[in-house]
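Visitor: One structure coming up, written as structure tokens, with questions to follow.
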Amino acid sequence: MNSPTAKIREGNNNDLAKMKQLFTDTITHICKKDYDDVQIEAWKLGAENEIRWQKVMENQYVLIAESNGEITGFISLDQGNYIDFLFVHKDYQNQGIAFQLYQLIEHEAIKQEKTFMTADVSKTAKPFFEKMGFSIVREQSVPVRGVELTNYKMEKKLL
């Protein structure tokens with residue numbers, strides 16, 4: 001965590017295009033060590049689900065990390081305790097951005113008096129979530145556009 005603190009703000013609809021681009025770029029470049037090309041391509045297609053992304057912006061607490069006017073990461077909290085998205089730009093990995101975003105989201109969950117947090121976590125993100133105190137509830141095989149992807153249902157007790 002040797003970078004200066006990223007500027008964090010709440011997300012809005014104007015961020016959607018850049019969020020989706022960051023989502024696909026991160027999956028393409030960062031997740032390739034954990035998933036094969038067919039899995040990566042199926043997963044990236046999630047960026048095309050406009051209704052899903054619109055619902056994220058309308059119904060979830062979304063935080064954006066920025067550096068020099070560029071979105072360097074984002075996180076979303078659904079129903080006060082489910083982390084739906086956590087992605088950091090491929091060029092800003094290992095600089096503490098995910099940690100900053102996560103800390104703010106956990107604070108929000110505590111503020112909402114939630115007693116635990118959950119997430120469905122990729123193989124790539126599992127070590128980060130373990131560092132944040134999450135434990136694996138179960139390994140899952142999730143169908144994404146006809147392709148099976150392994151991820152983990154993880155949970156962390158709060159308070």
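Visitor: Given the options Ile8, Ala42, Val62, identify the residue whose Cα lies farthest towards the positive end of the charge dipole of the stretch 7-114 (+1 on Cβ of Lys, Arg; -1 on Cβ of Asp, Glu).
Guide: Ile8
Visitor: Given 10 Å bins starting at zero, what is the percent of C-alpha pairs of the chain in each, up to the one with the largest pair distance?
Guide: 11, 40, 40, 9, 0
Visitor: Which residue fluctuates the most in the chain, going by a Gaussian network model with Cα springs under 10 Å, if the choices are Ile75, Ile51, Ile105?
Guide: Of Ile75, Ile51, Ile105, the most mobile in the Gaussian network model is Ile51.
Visitor: Gly80: net charge of surrounding residues, Cβ under 10 Å, Lys/Arg +1, Asp/Glu -1, itself excluded?
Guide: Net charge in that neighbourhood comes out at -1.
Visitor: For the pairs Lys126/Lys153; Lys32/Lys90; Lys55/Lys126; Lys20/Lys114; Lys55/Lys111; Lys18/Lys55, note any where the Cα-Cα span goes beyond 21 Å. Spell out each step's value before the answer.
Guide: Numbers: Lys126/Lys153 10 Å; Lys32/Lys90 12 Å; Lys55/Lys126 25 Å; Lys20/Lys114 28 Å; Lys55/Lys111 23 Å; Lys18/Lys55 16 Å.
Violating the 21 Å limit, Cα to Cα: Lys55/Lys126; Lys20/Lys114; Lys55/Lys111.
Visitor: Please name which of Gly80, Met19, Phe134 has its Cα lying farthest along the dipole of the chain towards the positive end, using unit charges on Cβ (Lys, Arg +1; Asp, Glu -1) and the Cα centre as origin.
Guide: Phe134
Visitor: What number comes out for the charge environment of Ile64, summing +1 per Lys or Arg and -1 per Asp or Glu over other residues with Cβ under 15 Å away?
Guide: Numbers: positive: Lys7, Arg9, Lys18, Lys20; negative: Glu10, Asp15, Glu66, Glu70, Asp84, Glu108.
Around Ile64, the charge tally is -2.
Visitor: Could you name the aspartates and glutamates in cross-link range of Lys131, using Cα to Cα under 20 Å and dropping any fewer than eight places away on the same chain?
Guide: The reachable aspartates and glutamates, counting only those whose Cα sits under 20 Å from Lys131, are Asp34, Asp84, Glu106, Glu108, Asp120, Glu139, Glu155.
Visitor: Summing -39500 (n - 2.57) over the DSSP H runs of n ≥ 4 in the chain and dividing by its residue number, what mean residue ellipticity at 222 nm do you reach, to the nearest 500 deg cm²/dmol? Don't jump to the answer; show the numbers that get you there.
Guide: Values: 5 runs with 54 residues, N = 159.
One gets -10000 deg cm²/dmol as the mean residue ellipticity at 222 nm.
Visitor: Across the stretch 55-63, in residue order, what do the Karplus-derived ³J(HN,Hα) couplings come to in whole Hz, using 6.51 cos²θ - 1.76 cosθ + 1.60 with θ = phi - 60° and x for Gly and Pro?
Guide: In residue order, the calculated couplings are 5, 4, 5, 7, 10, 10, 8, 10, 10 Hz.
Visitor: Under a 10 Å cutoff between Cα atoms, tell me which one of Ala65, Ala125, Ala98 has the largest fluctuation in the Gaussian network model of the chain.
Guide: The residue with the greatest mean-square fluctuation here is Ala125.
Visitor: Can you tell me the dipole magnitude for the chain around its Cα centre, using point charges on the Cβ only (Lys, Arg +1; Asp, Glu -1), in Debye to the nearest 20?
Guide: Working: 20 positive and 23 negative charges, 62 e Å.
Using Cβ point charges on Lys, Arg, Asp and Glu, the chain gives about 300 debye.
Visitor: Okay, moving on. If you take every residue apart from Ile110 with its C-beta less than 13 Å away from the C-beta of Ile110, what net charge results, scoring Lys and Arg +1 and Asp and Glu -1? Walk me through the numbers before you get to the answer.
Guide: On the way: positive: Lys111, Lys114, Lys156, Lys157; negative: Glu106, Glu108, Glu113.
Neighbour charge sum, excluding Ile110 itself: +1.
Visitor: Applying the Karplus parametrisation 6.51 cos²θ - 1.76 cosθ + 1.60 with θ = phi - 60° to the phi angles of the stretch 97-105, what ³J(HN,Hα) value in whole Hz is obtained for each residue in order, glycine and proline being reported as x?
Guide: Couplings: 5, 4, 4, 4, 4, 4, 4, 5, 5 Hz.
Laboratory data are not the source of any read-out in this text; all were calculated from the coordinates shown. Bear in mind that the values here come from a model prediction, so they are computed numbers and not experimental data. Positions of Cβ are generated from backbone atoms using ideal geometry, with glycine treated the same way; all protein chains shown enter the neighbour counts.
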